[in-house]
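Heads up: the structure comes next, in structure tokens.
The values are calculated or read from the model by the stated rules, or taken from the named source; none is laboratory data. On a predicted model such as this, the values are computed, not experimentally measured, just so you know. Neighbour counts are summed over all protein chains in view; Cβ atoms, including those assigned to glycine, are modelled from backbone coordinates with ideal geometry. The accessibility values were calculated without ligands, DNA or RNA, using every heavy atom of the protein model including side chains. Shrake-Rupley method; radii C 1.70, N 1.55, O 1.52, S 1.80 Å.
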Amino acid sequence: MEKLQSKEKLYRVHVGPGKNYRVVYQILDKVLLVLVVAVGDRKDIYRRLT
């Protein structure tokens, strides 16, 4: 779990073959919920978050 520098309360995890994919997610502790914000290739995923 790594926190994204540009966005508050968003984290990323490396997945897939060669770890070329990223899952970007947010943890909402008050309701015990993990919200997956985006899944995609590492080349494109961060552009889609802006």
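Work out the FRET efficiency for L33 and E2 from their Cβ-Cβ distance, taking R0 = 25 Å, and round it to the nearest 0.05.
Calculated value: 0.80.
State, to one decimal in nm, how far the label point of K19 lies from the label point of Y46, with both points 7 Å from Cα in the Cβ direction.
1.6 nm
Roughly speaking, to the nearest percent, how much of the chain's 1.4 Å accessible area is carbon and sulfur?
Of all accessible area on the chain, carbon and sulfur atoms account for 53 percent.
For the chain, what D do you get in µm² per second when you plug the Kirkwood radius from alpha-carbon pairs into Stokes-Einstein at 25 °C and 0.890 mPa s?
The estimated diffusion coefficient comes to 218 µm²/s.
Which whole-number percentage describes the relative contact order of the chain, with Cα contacts under 8 Å and a sequence gap of 6 or more?
With pairs under 8 Å counted, the relative contact order is 24 percent.
Could you provide, to the nearest whole Å², the per residue accessible area of the chain with probe 1.4 Å?
Per residue, the chain has an accessible area of 82 Å².
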